[in-house]
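The structure appears right after this line, and notes come after that.
The values are calculated or read from the model by the stated rules, or taken from the named source; none is laboratory data. Just so it is clear, the model here is predicted, and its values are computed rather than measured. Cβ placement follows ideal geometry from the backbone for every residue including glycine, while neighbour counts extend to all protein chains displayed.
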């Protein structure tokens, strides 16, 4: 057996009502914090108030930064970092989905390091210092990004139309609150796309060439839960039992990418939302998956067959090779049932962006840990196949 190494330092507080503990745990790290979030809709205001009031009850002074955007940008991260420095906060608290949590993580670096947060993404030369980075406390309101359990902060630089990631143990949260009650405010589209994001994390960690038996066990559990419950989560947003299951699966999948990592779909999907920020990360992954699975499923037959049977138990009677060959169609069914099956054309991704997407995918290290490593021509063909819904 190859040498295994697992590191999951985030303290996760999981369960309905756990947002009430936010102030208590934050007080352990700081008396003054920057609370990072996006502008809250009417449906979400109650969640935000619960978080802010919990902090204030604990005697924590709160400076609010509520300008986070989907597919976080260097613009907002640099602005928030400057506020954190000026206000001399002792910790960063992120409340929201992946965009808010990733912004909070990047700000924890940007506020304390030389230069700006972008200097510390994996494509640049500087490395974040864990000792310098401000403590990070997050409360997730979605069940898909896994950011509350990872060492990643993903954001884009609009000046160069590139999306990249700080990959560093410094951005593991110290504490993560996972309260399924906060997730009932998600609409159907956000539920579907974030839920699919969690599936992607689990599947890619499972089939990554660096996978290991311990993480495989957790990823199987995560995928089973998602494939069996995502449709109901979309249809029944107030169902706390289903929200709890999805939040659990998301947390497991986050552990997977923190310890193993993502593969080809993220190499292709992340640049799509980087160049076209109106496309959410989860939607970009859903777009890529049908073609990715057709390209990959025959190169990880045993695992693909197992996942196909999670999606459709009727495949139990088939051989592994036959069951694996059905995986892409089972995932397409899931996407159609949850309203996220789409095309590059429908998402208004300009056709002239395809060459740039090919180049970005081939430059991404995730491409080379896929069970089948594509050529640039194969990536280009996959993207061309995504142009229209079939």
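Here are the numbers for this structure:
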{"quantity": "Qualifying residues in the range 42-55 (those that are touching a residue at least 60 places away in the same chain (Cβ under 8 Å) and part of a loop (DSSP other than H, G, I, E, B)) - the one farthest from the chain's Cα centre (by Cα)", "calculated": "43"}
{"quantity": "Single unsatisfied condition, residue 237 versus (1) over 21 Å from residue 258 (Cα atoms); (2) not in a loop (DSSP other than H, G, I, E, B)", "calculated": "(2)"}
{"quantity": "Residue within the range 154-164 that is closer than 26 Å to residue 278 by Cα, without any contact (Cβ under 8 Å) to a residue 12 or more places away in the chain, out of contact with any helix residue (DSSP H, G or I) (no Cβ under 8 Å at 6 or more places or on another chain) and assigned by TED's automatic domain parsing to the domain that holds residue 25 present", "calculated": "yes"}
{"quantity": "Unique match (being closer than 30 Å to residue 135 by Cα and touching a strand residue (DSSP E or B) at 6+ places or on another chain (Cβ under 9 Å)) among 219, 246, 183, 255", "calculated": "183"}
{"quantity": "Residue match in the range 172-189 (condition: part of a loop (DSSP other than H, G, I, E, B), assigned by TED's automatic domain parsing to the domain that holds residue 51, touching a helix residue (DSSP H, G or I) at 6+ places or on another chain (Cβ under 7 Å) and within 21 Å of residue 266 (Cβ to Cβ))", "calculated": "yes"}
{"quantity": "Verdict on residue 32 being in the same structural domain as residue 108 (by TED's automatic domain parsing) and touching a strand residue (DSSP E or B) at 6+ places or on another chain (Cβ under 6 Å)", "calculated": "yes"}
{"quantity": "Test set (1) under 29 Å from residue 3 (Cα atoms); (2) in a helix (DSSP H, G or I) - residue 229 fails condition number", "calculated": "(1)"}
{"quantity": "Residue 244 being touching a residue at least 60 places away in the same chain (Cβ under 8 Å) and buried (at least 24 other Cβ atoms within 10 Å of the Cβ)", "calculated": "no"}
{"quantity": "One residue from 357, 384, 347, 285 being under 30 Å from residue 162 (Cβ atoms), in a loop (DSSP other than H, G, I, E, B), at pLDDT 95 or above and in contact with a helix residue (DSSP H, G or I) (Cβ under 9 Å, 6 or more places away or on another chain)", "calculated": "347"}
{"quantity": "Odd one out for residue 355, checked against (1) surrounded by fewer than 17 Cβ atoms within 10 Å (Cβ to Cβ); (2) under 21 Å from the mean Cα position of the chain (by Cα)", "calculated": "(2)"}
{"quantity": "All positions within the range 87-123 that are assigned to a helix (DSSP H, G or I), touching a strand residue (DSSP E or B) at 6+ places or on another chain (Cβ under 6 Å) and surrounded by fewer than 24 Cβ atoms within 10 Å (Cβ to Cβ)", "calculated": "87"}
{"quantity": "Identity of the residue in the range 8-29, part of a loop (DSSP other than H, G, I, E, B), touching a helix residue (DSSP H, G or I) at 6+ places or on another chain (Cβ under 7 Å) and on the phi < 0 side of the Ramachandran plot, that ends up surrounded by the most Cβ atoms within 10 Å (Cβ to Cβ)", "calculated": "10"}
{"quantity": "Near pairs, Cβ below 6 angstrom, 6+ apart or cross-chain, from the range 59-87 (assigned by TED's automatic domain parsing to the domain that holds residue 147 and touching a residue at least 12 places away in the same chain (Cβ under 8 Å)) to any residue that is in a strand (DSSP E or B) and surrounded by fewer than 22 Cβ atoms within 10 Å (Cβ to Cβ)", "calculated": "61/32; 74/157; 87/63"}
{"quantity": "Criterion violated by residue 69 - all others in (1) surrounded by 14 or more Cβ atoms within 10 Å (Cβ to Cβ); (2) in contact with a helix residue (DSSP H, G or I) (Cβ under 7 Å, 6 or more places away or on another chain); (3) within 14 Å of residue 179 (Cβ to Cβ) satisfied", "calculated": "(3)"}
{"quantity": "Filter pass, residue 304 being over 19 Å from residue 265 (Cα atoms) and buried (at least 17 other Cβ atoms within 10 Å of the Cβ)", "calculated": "no"}
